[in-house]
Amino acid sequence: MAKKDKHGERGTNGDGGAEAVREDPGPALAPLLRVAPGERVGLASLDTSATPGGPSGKAAGIEDAARTAAPLASLQERLYAASTAGDRRRVLLVLQGMDTSGKGGTVKHVAGRLNPSGCRIRAFKAPTREERAHSFLWRIEKALPRPGEIGVFDRSHYEDVLVARVRELVPADRVERRYAQINAFEKALADDGVTLVKVFLHIGREEQRERLLARLDDPDKHWKFSTGDIEDRALWPAYREAYELALERCSTEAAPWYVVPADRKWYRNWAVGRLLLEHLEAIGPAYPPGDFDVEECRARLLSD
């Protein structure tokens, strides 16, 4: 990651990923947003309104995002088709961020381009009594995508080193142990064919205030508002530090984190969609060959 410059953007590098999926893939986005293993993260220095690697503006971004629908659908179908022949590969998109950062909106815009029958979407709330009786990873394991599926988590196991840390819901030493547990868990998933795409939607504090005020101004959005959102704003520095620690300690070669500036909704949706597309292209799923004689079957059908 690069700090914000006077233009509010980061540098570019990389190539375009898999061939023949997109006509003009352009530079890869993932290297621009990835948190390198061991990298120190200073979220205050990252511009939440930047558009690193993005199109020239909102209209171009929306248009480009729409063009990803066809290649995403094709790759999703091939991923599922490959699973029918025993391929265990699947994708898990993890979305984390402060309140109003747009996790739900991202799910709607990005997953909306996919075939719902091949998706497994889960929004994690506060753990239930049954969930609290198990390891913090228990409910996560139950929601994982099956081979050939694309899973999307709105919040995740990271709540247990974020909210649990800030609100002191469990002893500090237990929180400390969880970083290593998460890394081991994610490494095991990667070894079993899961491609993890972990995205932190990075919203600014002033932008959050505007979005919360907009919810208060619209009676149809009151259901999305909670007085707890105001209480959490008072803990903004603590949450920022908790996120920095999670990004630093749990961005690994097997499961890197990506920081997506989220003040501009169009860029947020474009960037997450592009990251998902690039990872599917890297997997390169293919339709499995048939286990039958095509010409013999054709002849039988024609003679019927």
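In this structure, is residue 209 open to solvent by 50 Å² or more (accessible area, probe 1.4 Å), in contact (Cβ under 8 Å) with a residue 12 or more places away in the chain and in a helix (DSSP H, G or I)?
On the way: open to solvent by 50 Å² or more (accessible area, probe 1.4 Å): yes; in contact (Cβ under 8 Å) with a residue 12 or more places away in the chain: yes; in a helix (DSSP H, G or I): yes.
Considered against the rule, which asks whether it is open to solvent by 50 Å² or more (accessible area, probe 1.4 Å), in contact (Cβ under 8 Å) with a residue 12 or more places away in the chain and in a helix (DSSP H, G or I), residue 209 comes out as yes.
Only one residue in 263, 232 is in contact (Cβ under 8 Å) with a residue 12 or more places away in the chain, acidic (Asp, Glu) and closer than 15 Å to residue 200 by Cβ, so which one is that?
263
So in segment 160-185, with the set limited to residues that are open to solvent by less than 30 Å² (accessible area, probe 1.4 Å) and of a type in the set (D, E, K, R), which one is nearest to residue 237 (Cα to Cα)?
160
Determine which single condition residue 200 fails, assuming it passes every other condition in (1) more than 17 Å from residue 90 (Cα to Cα); (2) of a type in the set (A, V, I, L, M, F, W, C); (3) touching a residue at least 40 places away in the same chain (Cβ under 8 Å); (4) open to solvent by 20 Å² or more (accessible area, probe 1.4 Å).
For residue 200, the exception is condition (4).
Here are 100, 106: which of them is open to solvent by less than 30 Å² (accessible area, probe 1.4 Å) and more than 14 Å from the chain's Cα centre (by Cα)?
Within the list 100, 106, the selection yields 100.
Please give the number of the condition residue 125 fails out of (1) open to solvent by 20 Å² or more (accessible area, probe 1.4 Å); (2) part of a helix (DSSP H, G or I).
It fails just one condition, (2).
So, residue 84, is that one of a type in the set (Ser, Thr, Tyr), closer than 30 Å to residue 67 by Cβ, modelled with pLDDT of 95 or more and surrounded by fewer than 18 Cβ atoms within 10 Å (Cβ to Cβ) or not?
Yes.
Restricting segment 1-47 to residues that are at pLDDT 95 or above and open to solvent by 80 Å² or more (accessible area, probe 1.4 Å), which is nearest to residue 269 (Cα to Cα)?
Here the answer is 34.
Consider residue 301 against the criteria (1) of a type in the set (A, V, I, L, M); (2) assigned to a strand (DSSP E or B); (3) open to solvent by 60 Å² or more (accessible area, probe 1.4 Å): it satisfies all of them except one. Which criterion is unmet?
Residue 301 satisfies all of (1) of a type in the set (A, V, I, L, M); (2) assigned to a strand (DSSP E or B); (3) open to solvent by 60 Å² or more (accessible area, probe 1.4 Å) except (2).
Which of (1) closer than 25 Å to residue 277 by Cα; (2) of a type in the set (A, V, I, L, M, F, W, C); (3) surrounded by 17 or more Cβ atoms within 10 Å (Cβ to Cβ); (4) out of contact with any strand residue (DSSP E or B) (no Cβ under 7 Å at 6 or more places or on another chain) is the odd one out, the single condition residue 188 does not satisfy?
All conditions pass for residue 188, except number (3).
Looking at 50, 60, 65, which is the one that is among the hydrophobic types (A, V, I, L, M, F, W, C) and open to solvent by 20 Å² or more (accessible area, probe 1.4 Å)?
It is 60.
Quick check: is even one residue across segment 270-282 open to solvent by 40 Å² or more (accessible area, probe 1.4 Å) and closer than 21 Å to residue 41 by Cα?
Going through segment 270-282, the residues open to solvent by 40 Å² or more (accessible area, probe 1.4 Å) turn out to be 282.
Next cut, closer than 21 Å to residue 41 by Cα only: none.
No.
Would you call residue 141 open to solvent by 20 Å² or more (accessible area, probe 1.4 Å), in a helix (DSSP H, G or I) and within 23 Å of residue 176 (Cα to Cα)?
Considered against the rule, which asks whether it is open to solvent by 20 Å² or more (accessible area, probe 1.4 Å), in a helix (DSSP H, G or I) and within 23 Å of residue 176 (Cα to Cα), residue 141 comes out as yes.
The values are calculated or read from the model by the stated rules, or taken from the named source; none is laboratory data. Since the model is a prediction, treat every value here as computed from it, not as a measurement. Reconstructed Cβ throughout: ideal geometry from the backbone, glycine too, with neighbour counts over all protein chains shown. Areas reflect the complete protein model, heavy atoms only, side chains present, ligands, DNA and RNA absent. Shrake-Rupley method; radii C 1.70, N 1.55, O 1.52, S 1.80 Å.
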